[in-house]
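Asks: Below: one structure in structure tokens.
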Amino acid sequence: MNFLKKNRSKHGFAALLMAVTLFITPLTSFTQTKVSAPGNRYSVSDDVKLGQQAAAEVEQKLPILRDASVTDYVQDVGRRLASAIPSEFQHPEFRYTFRVVDAPDINAFALPGGPMYVNRGMIDAARTEGEMAGVMAHELSHVALRHGTAQATKAGGLKAQAPAILGGIAGAILGGTIGGIAQTAGQLGSAAIVTKYSREYETQADILGAQIMARAGYNPRDLANMFRTIEQQSGGGRGGPEWLSTHPNPGNRYERINREAEMLRVSGSGGNSGRFNEIKGRLRGMPRGSVARGQNGNQNGNGNERIQGQVERPSTRYRNYTGGNVFQLSVPENWREVGGESGSVTFAPEGGYGNVQNSFVFTHGVQVGVARVDSNNLQQATEQYIEELLQANPYLQQQRGYQRGNVSGRTALATTLSGRSNVTRQDEVVNIYTSLMDGGELFYMISVAPRQDYNLYQSTFSSVLRSIQLAGSRGNYR
């Protein structure tokens, strides 16, 4: 009797141990891979400074796509992913920006501190929004883990290497994207320290990228699928595997990402917004390079569009324009949608816009868009935006303080800048109108005209301003 009790106790303990083991094992196997940022002797501000310098070089050479709908869409996906970066890799100093490059090559890259560029060729190659988001999540991971300055740490010093790093970024990116600029970029340096990551860093970016995707509501298997897509489409002579050349395969990449995906739980009901096919269709309808390079105008000997002498008067008939899910407005029928900075759209008459020294300029018309700011206070946010605008256009000076008004029923501020334009050689009047969006971004409208023409355009500018309707928190215009 006593023996049987002991025997049963042993079996009972063994059964209990087995049950505990079976209970613990699945939890352990379904824990995501821990990623640790590599050693780095540089400060976060070094990343920011290096990325800003490199972005300035890149944007002088690359044809940035000037289409509000496409840009807004990519920015929406990018911001969604950036907000899903784990807290231990969030750096408040970083400012993630997302621009589309008007180039057919299958390429994308991100710079230290946050600037990211996605070729339209990469969007075209992706089969789903998730595949596009996968590439973006991978690039964000390199930035969040500070792989650029970590690699510079291994190379022996950022200060000594900075010119070569900048040159490497420009040379590697531009050489693969726009062949004619490669020689110019090559003069800036030679070592592609930042853009060609080690296999160790590639593995980290693959794993963290998968985790970011899941946190953002995307299926991380789409990241693995995108690598297959890139390999297949690059092999057919469609621009070459530029992205793969700077992101070497660490081995078993596809299998490793899928294993990680098994351990992750996707937040929400799915990441695809339904806009992906619409954006791909919009891109297919655009001639290559037409939006970025403004081919509607005359060309001078340097390949830059010339600002024409005769400017059409604004039509009294208006047409409606919808800027993604952000705003609606009406502009004169004879004003073209011609370009602007990322996240904005510019409307100008024939003869009132063009490219000068590889930079888009407009002398007559309006630009509207949304800027990311660091304050929820309208005046502080506006002052930040005006300061950035004045830095980019040093010939302008603010002529007055801020006047209060409203845009689409929201509180708004207005101010005036002026200065002698280095394009028209005339005094220019620039009015800025700003209002905060529900998401915290700053909506702005800029109206521009030479002082001698301003009275002719003033009523048109007022009509455009009054027509603006901004989207509310649920996407409804008001």
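The values are calculated or read from the model by the stated rules, or taken from the named source; none is laboratory data. Computed from a prediction, not measured in an experiment: that's the story for all the values here. Counting neighbours? That spans all protein chains shown, and the Cβs are built from the backbone with ideal geometry, glycine included. These area figures cover heavy atoms from the full protein model, side chains too; ligands, DNA and RNA do not enter into them. Shrake-Rupley method; radii C 1.70, N 1.55, O 1.52, S 1.80 Å.
Asks: For region 360-440, which whole-number percentage of the solvent-accessible area (1.4 Å probe, protein heavy atoms only) is attributable to carbon and sulfur atoms?
Replies: Working: 1490 of 3860 Å².
Answer for region 360-440 is 39 percent, counting heavy atoms of protein chains only.
Asks: When a/c is below 1.5 the answer is rounded, else prolate if a/b is larger than b/c, else oblate, so apply that to region 29-124 with a ≥ b ≥ c taken from the square roots of the Cα gyration tensor eigenvalues. Kindly include the intermediate steps, with their values, before the conclusion.
Replies: Values: a/c = 2.11, a/b = 1.38, b/c = 1.52.
Here region 29-124 falls in the oblate category.
Asks: Related question: With a probe of 1.4 Å, find how much accessible area region 81-130 has per residue, and write the answer as a whole number in Å². List each step's numbers first, then the result.
Replies: Working: 1340 Å² over 50 residues.
Heavy-atom SASA per residue in region 81-130 reads 27 Å².
Asks: Which order do the peptides 48-57, 112-121 take when ranked by the mean count of other beta-carbon atoms within 10 Å per residue, highest first?
Replies: On the way: 48-57: 19.4, 112-121: 25.8.
With the highest mean Cβ count within 10 Å placed first, the list reads 112-121, 48-57.
Asks: A follow-up question, please. Can you list residues whose amide H is under 5 Å from Asn334's amide H, if they're 5+ apart or on another chain and H is modeled 1.01 Å from N?
Replies: Here Ser315 satisfy the definition.
Asks: Students often check this: by mean Cβ neighbours within 10 Å, which of 209-216, 78-85, 388-395, 414-421 ranks highest, and how do the rest follow? Don't skip to the answer; put the middle values down first.
Replies: On the way: 209-216: 26.4, 78-85: 20.4, 388-395: 12.5, 414-421: 17.5.
Top to bottom by mean Cβ count within 10 Å: 209-216, 78-85, 414-421, 388-395.
Asks: Ignoring ligands, DNA and RNA, what percent of the accessible area of region 29-115 is carbon or sulfur (1.4 Å)?
Replies: Working: 1650 of 3400 Å².
Using a 1.4 Å probe with all protein chains present, region 29-115 comes out at 49 percent carbon and sulfur.
Asks: Students often get this wrong, so check it: of Lys49/Lys154; Lys34/Lys61; Lys49/Lys280, which have C-alpha atoms separated by over 28 Å? Before the final figure, lay out the partial values.
Replies: Working: Lys49/Lys154 19 Å; Lys34/Lys61 38 Å; Lys49/Lys280 34 Å.
Distance filter (> 28 Å) returns Lys34/Lys61; Lys49/Lys280.
Asks: Could you sort 132-143, 323-334 so that the peptide with the highest average Cβ count within 10 Å comes first and the rest follow in order?
Replies: Numbers: 132-143: 28.2, 323-334: 18.9.
Sorting 132-143, 323-334 by mean packing, highest first, produces 132-143, 323-334.
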